[in-house]
Amino acid sequence: MRAPMDEKTFLEFYKNTVLCCSNNLQRFICKLLEDEHRITYEEQTKIGDRESTAFFESKKDFKNIIVNTTTNRDFIDFYEVLEFKKLYKYSVPFFYQLEDESQRVEDVLEKNGFEFFKPDKYQPKYVLDTTLKEAMPLVWDNDDILFIKFVLQKSYAQIENFERIDYRYPIIIFIDKKYKFLEIRYDALRYRELFDSEIYSKMVNDCLIWLHEKLNLDLYICTHKDTIKIINDKQNADVKMYKQMMEMKSGASAELTASENTDYVLPFIGEIKELIDENEDLFNDAEEVKQLLLQYLNEKEATASYPYIYVKWVKPVETQSYIVKITFDYFGGKYTLLQHITGNCKDLGMGRMNDAIKYLCESGSFVKGEKI
């Protein structure tokens with residue numbers, strides 16, 4: 001573990017991290033600060049139970065709000081919670097069970113001496129390590145969910161003057177104690193000069209090794225044999241296939257995009273099957289033709305592979321709808337990768353991530369596979 005840094009330097013990491021985030025996320029953060037009465041645009045000294053609240057003149061000046069709150073030690077707890085609960089771009093899901101099933105994961109964490117996060121009592125150690133093998137996690141037990149957070153220090157070169165900018169890089173292990181699945185959540189690294197194509201798979205594998213060695217967890221891959229079939233079930237009106245990549249046995253491939261109507265039926269195979277269903281009387285008079293067509297379509301589905309699909313969670317308000325890209329057999333054909341698309345969705349919190357993985361596991365889209 002590295003030596004502690006001074007408070008000013010430690011707080012600069014928060015500032016640099018948030019300032020290099022998207023404008024949408026910065027606005028989202030400012031809205032959270034206001035909703036939690038951490039900041040106000042009205043001149044008063046007390047809101048709710050808080051003795052003091054930071055005053056800002058304009059809601060539009062979110063850059064100034066970010067700079068002033070990230071460099072104020074009174075807001076450390078807010079930004080630590082944000083790292084637990086924000087939307088992450090990527091996640092890799094697994095099923096798990098404890099080697100000793102009489103134990104609880106939180107008990108194992110406590111027994112190993114890992115620090116549990118208490119937002120109202122949190123005192124940072126002012127340490128940021130550079131590798132997962134060195135880093136000490138911060139654990140948050142939140143009802144049925146356990147969060148294990150590693151934060152590494154990273155840097156990138158500013159394009160204008162090549163100055164190195166230091167920032168925080170959190171990695172979250174999200175554990176659902178009730179359903180016995182977990183996700184390794186992370187964002188893309190900033191502006192890497194020399195991109196290592198295996199850097200994320202190494203990071204995921206380091207997390208898996210840590211989970212096995214420190215927590216004695218048995219980990220299982222997510223298999224997805226019936227994922228497309230389950231998501232395409234017309235009885236489910238809220239989760240729809242949006243687009244998919246299809247690779248034919250002949251070597252040809254195409255990205256198929258679902259139509260923007262309420263059915264989200266995939267073109268080609270899906271549309272021809274729907275055509276047969278809608279014209280049942282006509283095709284019943286030509287049963288042989290119908291069976292030849294169905295056999296052809298079934299063979300194409302059986303021999304095609306689907307490297308990735310896009311799934312849309314449809315909400316009554318479109319700006320609350322969100323899309324998840326699911327890449328099958330990622331990291332050398334071993335794991336599944338979820339990519340959470342920001343798009344037009346205004347919700348940049350973890351709720352949509354939680355809903356997505358819960359649906360995929362509960363619906364049978366993902367099932368417990370072989371042990372790692």
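The values are calculated or read from the model by the stated rules, or taken from the named source; none is laboratory data. Model, not experiment: these values are computed from the prediction. FYI the Cβ positions are ideal-geometry reconstructions off the backbone, even for glycines, and counts take in every protein chain you see. Side chains are part of the model used for accessible areas, which takes the heavy atoms of the whole protein and leaves out ligands, DNA and RNA. Shrake-Rupley method; radii C 1.70, N 1.55, O 1.52, S 1.80 Å.
Return yes or no: is residue 165 hydrophobic (A, V, I, L, M, F, W, C) and either surrounded by fewer than 20 Cβ atoms within 10 Å (Cβ to Cβ) or part of a loop (DSSP other than H, G, I, E, B) (or both)?
When the stated conditions are applied, residue 165 passes them.
From the set of residues in the range 111-131 that are in contact with a Lys or Arg (Cβ under 9 Å, 6 or more places away or on another chain) and under 20 Å from residue 209 (Cα atoms), which is surrounded by the fewest Cβ atoms within 10 Å (Cβ to Cβ)?
The qualifying residue surrounded by the fewest Cβ atoms within 10 Å (Cβ to Cβ) is 112.
Quick grid of which residues meet (1) modelled with pLDDT under 60; (2) at positive phi; (3) open to solvent by less than 90 Å² (accessible area, probe 1.4 Å); (4) in a helix (DSSP H, G or I):
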residue: 277; (1), (2), (3), (4): no, no, no, yes
residue: 282; (1), (2), (3), (4): no, no, no, yes
residue: 290; (1), (2), (3), (4): no, no, yes, yes
residue: 295; (1), (2), (3), (4): no, no, no, yes
residue: 307; (1), (2), (3), (4): no, no, yes, no
residue: 312; (1), (2), (3), (4): no, no, yes, no
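Considering only residues that are in a strand (DSSP E or B) and open to solvent by 10 Å² or more (accessible area, probe 1.4 Å), look in the range 141-151 and name the one that is modelled with the lowest pLDDT.
142
Kindly provide the set of residues from the range 152-162 that are open to solvent by less than 30 Å² (accessible area, probe 1.4 Å) and touching a Phe, Trp or Tyr at 6+ places or on another chain (Cβ under 6 Å), ordered by number.
152, 156
Could you tell me which of the residues 98, 109, 87 is of a type in the set (A, V, I, L, M, F, W, C) and under 18 Å from the mean Cα position of the chain (by Cα)?
87
Against the definition (hydrophobic (A, V, I, L, M, F, W, C), at pLDDT 95 or above and crowded, with 19+ Cβ neighbours inside 10 Å), how does residue 182 come out, yes or no?
yes
Name the residue, out of 10, 94, that is within 23 Å of residue 129 (Cβ to Cβ), aromatic (Phe, Trp, Tyr) and modelled with pLDDT of 95 or more.
10 is the lone residue from the list that is within 23 Å of residue 129 (Cβ to Cβ), aromatic (Phe, Trp, Tyr) and modelled with pLDDT of 95 or more.
Tell me which residues, restricted to the range 325-359, are surrounded by 19 or more Cβ atoms within 10 Å (Cβ to Cβ) and under 23 Å from residue 372 (Cβ atoms).
326, 328, 330, 335, 336, 337, 338, 353, 356, 357
Kindly evaluate residue 250 against the criterion of being open to solvent by 50 Å² or more (accessible area, probe 1.4 Å), part of a loop (DSSP other than H, G, I, E, B) and either modelled with pLDDT of 60 or more or farther than 24 Å from residue 369 by Cβ (or both).
The answer is yes for residue 250.
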